[in-house]
Amino acid sequence: MYYVEASANFNKPKKVIEDAIKKPGCLEDFHPFCHSNKALSWPGKNSEDEIIYLNGVRYKRKFFNWTENGYDLEIGGSKRKAIVNWIIKGNNNVSSLLVRINPDLPFKNRFIKWLVWNLYIKLSIQKYINHVVKGFKFFIETGDKVHSNQFGKHSWFS
């Protein structure tokens with residue numbers, strides 16, 4: 001399976017992390033490539049929102065699992081889709097967040113899929129998710145919203 005992931009640890013209760021990722025429009029607080037994030041149907045399973053990136057790319061996120069341990073969602077447009085898992089662990093004192101992206105790669109040939117994944121897509125998605133999780137950690141620790149491209153630009157979304 002092809003995926004990338006990033007994680008962060010917090011000296012905060014698990015509930016703080018859960019509330020932050022489940023707030024409608026939450027990406028506007030911590031996502032460094034997000035221009036806007038509008039909840040279309042909220043909260044819980046079957047929630048849906050829309051993210052518009054800094055470069056104008058627009059994707060819908062459709063949530064299909066929603067528990068006290070996070071959620072799973074599908075994101076993408078008509079051609080590019082990915083499954084994203086937001087996984088929270090912890091207790092009343094410490095917690096962690098892991099975000100995993102499983103992209104749907106459109107290549108039928110296994111060698112081409114492997115080559116494109118390892119030489120291009122994996123690196124770009126890893127950079128992307130590292131910045132998102134870094135933004136989340138910044139927001140949780142400071143209470144300040146992340147600025148556009150705060151940790152650097154991204155060729156796909158800035």
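Quick note: the coordinates plus some simple rules give every number you see, no bench work behind them. Fair warning: this is a prediction, and the values are worked out from it, not measured in the lab. No Cβ is skipped: glycine too gets one built from the backbone with ideal geometry, and neighbour counts run over all protein chains shown.
Only helical DSSP H runs with n ≥ 4 go in: add -39500 (n - 2.57) per run for the chain, normalise by residue count and round the 222 nm mean residue ellipticity to 500 deg cm²/dmol.
Here the helix-only value at 222 nm equals -7500 deg cm²/dmol.
Can you work out the FRET efficiency for the pair K153 and L105, with r the C-beta to C-beta distance and R0 = 22 Å, to the nearest 0.05?
Efficiency, rounded to the nearest 0.05: 0.35.
Taking 0.36 nm per intervening residue step and subtracting the Cα-Cα distance, what contour gain separates N93 from R58 on full extension?
Stretched fully, the N93-R58 segment lengthens by 8.9 nm.
Can you give the charge dipole size of the stretch 4-142 about its Cα centre, rounded to the nearest 20 debye, using +1 on the beta carbon of Lys and Arg and -1 on the beta carbon of Asp and Glu? Kindly include the intermediate steps, with their values, before the conclusion.
Numbers: 23 positive and 13 negative charges, 104 e Å.
Taking the Cα centre of the stretch 4-142 as origin, the dipole is about 500 debye.
Below 27 Å, Cα to Cα, which lysines can K108 reach? Residues fewer than 8 away in the same chain don't count.
Cross-link targets: K60, K62, K79, K81, K122, K127.
If I stretch the segment between Q126 and K38 completely, what's the gain in nm (0.36 nm per residue apart, minus their alpha carbon distance), one decimal?
Extra length available between Q126 and K38 comes to 29.2 nm.
What is the fewest-to-most order of R110, R61, R100 by other Cβ atoms lying within 10 Å of their Cβ?
The most exposed by this proxy come first: R110, R100, R61.
If one takes the longest principal axis of the Cα atoms in the chain, at what angle in degrees, from 0 to 90 and to the nearest 10, does the Cα axis of helix 122-142 lie?
That works out to roughly 10 degrees.
Any chance you could check the Cα centroid distance between the stretch 14-46 and the stretch 100-137 for me, in angstrom?
Between the Cα centres of the stretch 14-46 and the stretch 100-137 lies a distance of 22 Å.
Over all directions, what mean area does the Cα convex hull of the chain project, stated in square nanometres?
The number I arrive at for the chain is 8.9 nm².
If each residue of separation counts as 0.36 nm, what is the full-extension length gain between L115 and N9 once their alpha-carbon separation is subtracted?
Going from the current span to full extension adds 34.9 nm.
For a footprinting-style exposure proxy, rank R80, R58 by other Cβ within 10 Å, fewest first.
Going from sparsest to densest Cβ surroundings: R58, R80.
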